[in-house]
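The values are calculated or read from the model by the stated rules, or taken from the named source; none is laboratory data. Computed from a predicted structure; not experimentally measured. No Cβ is skipped: glycine too gets one built from the backbone with ideal geometry, and neighbour counts run over all protein chains shown.
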């Protein structure tokens, strides 16, 4: 029997669905909030919350596990790895590394939610999309 096996298929094949969730999660971690359809937001929420829970642990194994599920692209900013401060441009007197999504997730977002036991995202309903009247949503990190 298929009890408790329901997945949000989003009308896509598994490889396409995985790529879609990876890109949505990556952009959510970069920008803090994204506007998408309600179905995609509902499918993204448990995916992202599992990644944030793993990032709270912070060890090498969890870094490798999370790296399989997001695109580790550079955000265009620089960060101090010891303090977690973020800078728009490199500063001469500090040793800064380029900020990537994975570093941001583990250094900033993981530390931010270290005392929270779930519920890292929220979904707001938006007016329907003009072209096809699809139900839209804003998903953001709390």
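Just a few scattered comments:
- Taking the criterion of being in a loop (DSSP other than H, G, I, E, B) and in contact with a strand residue (DSSP E or B) (Cβ under 6 Å, 6 or more places away or on another chain), the residues of region 125-142 that qualify are 129, 134, 142.
- Residue match in region 110-122 (condition: farther than 22 Å from residue 72 by Cα and modelled with pLDDT of 95 or more): yes
- Counting only helices (runs of 4 or more DSSP H) wholly contained in region 1-96, the ones carrying 2 or more residues that are over 25 Å from residue 137 (Cα atoms) and free of Cβ contacts under 8 Å to residues at least 12 places away in the same chain occupy 60-67.
- Of the numbered criteria (1) closer than 21 Å to residue 135 by Cβ; (2) surrounded by fewer than 12 Cβ atoms within 10 Å (Cβ to Cβ); (3) out of contact with any helix residue (DSSP H, G or I) (no Cβ under 7 Å at 6 or more places or on another chain), the one residue 59 fails is (1).
Condition check ((1) within 15 Å of residue 100 (Cβ to Cβ); (2) over 9 Å from the mean Cα position of the chain (by Cα); (3) at pLDDT below 95) across all residues:
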{"site": "14", "(1), (2), (3)": "no, yes, yes"}
{"site": "26", "(1), (2), (3)": "yes, no, no"}
{"site": "73", "(1), (2), (3)": "yes, yes, yes"}
{"site": "77", "(1), (2), (3)": "yes, yes, yes"}
{"site": "80", "(1), (2), (3)": "yes, yes, yes"}
{"site": "84", "(1), (2), (3)": "yes, yes, yes"}
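- If you go through region 98-137 and keep only what is more than 25 Å from residue 64 (Cβ to Cβ) and surrounded by 15 or more Cβ atoms within 10 Å (Cβ to Cβ), you end up with 123, 126, 136, 137.
- Filter result (outside any helix (DSSP H, G or I) and touching a helix residue (DSSP H, G or I) at 6+ places or on another chain (Cβ under 8 Å)) within region 97-108: 97
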